[in-house]
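Note sheet for the following structure.
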Amino acid sequence: MNIILLGPPGAGKGTQAKRLIDAYGIPQISTGDMLRAALKEGTPLGLEAKKYMDQGALVPDEVVVGLVKERIQQDDCKKGYMLDGFPRNVSQAETLDRMLSELGQTIDHVVCIQVPDEELVKRLTGRRTCRDCGAGFHVMFDPPKKDGVCDKCGGELYQRDDDNEATVKSRLQVYGEQTKPLIDYYEKQGKLRQIDGVGSIDEIFARIKAVLG
Ligand code: AP5
Ligand code: ZN
């Protein structure tokens with residue numbers, strides 16, 4: 001099963017993806033995580049991407065398309081995969097359609113998680129992520145047992161550079177202008193599955209599972 005997780009920054013795509021990996025046994029492919037990993041390693045690609053990410057802008061299409069193309073052809077993607085944060089504009093979606101048809105693959109479901117803007121700002125500014133294992137937390141909504149320490153691996157929790165209020169505002173604007181048109185794009189393909197993203201993490205997980213079967 002090939003899935004796209006669509007939704008604004010902070011909608012809970014990464015949070016739900018981590019649970020879906022266990023439930024469906026398919027890997028999460030997050031372009032955001034891949035770019036942050038490249039930056040951590042200090043590769044030229046990572047350093048170039050940082051300029052865009054710090055402003056809340058989209059990294060150029062050719063960079064992310066190249067990453068995804070290579071990743072979906074790896075062995076662990078044979079049974080399916082979850083794309084998280086890709087595609088992010090109509091041009092990326094069209095490229096993905098072409099890429100998949102060349103590979104004889106298709107997208108089965110586009111899960112679109114909807115959350116109002118004011119809630120997104122609260123979620124993003126309170127988000128904390130583990131430096132070592134990438135687990136996500138929230139200072140109020142999903143706090144770790146010990147302040148600043150990951151429950152899963154004991155790693156240090158940090159706040160993403162792009163989770164400050166000013167960058168969050170531009171990310172939300174970019175989402176509205178460039179990514180939201182994908183709702184229509186996938187609706188026309190009959191693949192769109194709208195999910196109300198307000199509620200507990202468990203409730204939203206149950207809604208997604210009900211849709212995926
Ligand atoms: P990316 O890393 O993809 O970030 P994003 O899309 O902005 O999404 P987030 O990771 O911020 O949100 P999420 O929906 O995963 O939320 P989460 O589950 O963590 O992209 C970052 C940047 O990389 C982009 O700005 C761009 O520059 C670049 N980029 C990436 N892909 C690209 C592409 N394809 N093309 C071009 N550029 C690209 O949840 C958020 C918080 O809320 C957490 O703290 C969580 O604990 C909490 N939470 C989750 N669910 C709930 C709930 N139900 N109730 C309460 N709190 C909750
Ligand atoms: Zn950890």
- Go through segment 19-37 and give me each residue that's out of contact with any strand residue (DSSP E or B) (no Cβ under 7 Å at 6 or more places or on another chain) and farther than 17 Å from residue 199 by Cβ. 22, 23, 24, 25, 31, 32, 33, 34, 35, 36, 37
- Note on the structure: Heads up, the helices (runs of 4 or more DSSP H) in segment 133-213 (entirely inside) with at least 2 residues that are within 11 Å of ligand 1 (Cβ to nearest atom) are 165-174, 201-212
- State the number of residues belonging to segment 101-132 that are in a helix (DSSP H, G or I), closer than 23 Å to residue 187 by Cα and touching a residue at least 60 places away in the same chain (Cβ under 8 Å). 1
- Query: Residue check: is residue 92 within 11 Å of ligand 1 (Cβ to nearest atom) and part of a helix (DSSP H, G or I)?
  - Reply: yes
- Only one of 147, 132, 151, 161 is surrounded by 14 or more Cβ atoms within 10 Å (Cβ to Cβ) and acidic (Asp, Glu); which? 151
- Item | Failed condition for residue 187, given (1) under 26 Å from residue 77 (Cα atoms); (2) surrounded by 15 or more Cβ atoms within 10 Å (Cβ to Cβ) | (2)
- Item | Residue in segment 23-34 that is aromatic (Phe, Trp, Tyr) and open to solvent by 50 Å² or more (accessible area, probe 1.4 Å) present | yes
- Looking only at segment 99-112, which residues are among the hydrophobic types (A, V, I, L, M, F, W, C) and open to solvent by 50 Å² or more (accessible area, probe 1.4 Å)? 103
- Query: What are the residue pairs meeting all of these: first residue in segment 87-98, first residue open to solvent by 10 Å² or more (accessible area, probe 1.4 Å), second residue not in a helix (DSSP H, G or I), Cβ atoms under 7 Å, and 6 or more apart or on different chains?
  - Reply: 88/58; 89/58
- If you take the residues of segment 35-68 that are away from ligand 2 (no atom under 16 Å from the Cβ) and open to solvent by 90 Å² or more (accessible area, probe 1.4 Å), which of them is farthest from residue 103 (Cα to Cα)? 55
- Message: Can you find, within segment 199-210, the residue that is farthest from residue 106 (Cα to Cα) among those that are surrounded by fewer than 13 Cβ atoms within 10 Å (Cβ to Cβ) and of a type in the set (A, V, I, L, M, F, W, C)?
- Response: 206
- Task: For residue 115, state whether it is open to solvent by less than 40 Å² (accessible area, probe 1.4 Å) and of a type in the set (A, V, I, L, M).
- Result: yes
- Task: Would you mention how many residues in segment 115-138 are touching a helix residue (DSSP H, G or I) at 6+ places or on another chain (Cβ under 8 Å) and more than 16 Å from ligand 2 (Cβ to nearest atom)?
- Result: 6
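The values are calculated or read from the model by the stated rules, or taken from the named source; none is laboratory data. All values reported here derive from a predicted model rather than from experimental measurement. Glycine gets a Cβ as well: all are built from the backbone with ideal geometry, and neighbour counts include every protein chain shown. Please note that ligands, DNA and RNA were not included when accessible areas were found on the heavy atoms of the full protein model with its side chains. Shrake-Rupley method; radii C 1.70, N 1.55, O 1.52, S 1.80 Å.
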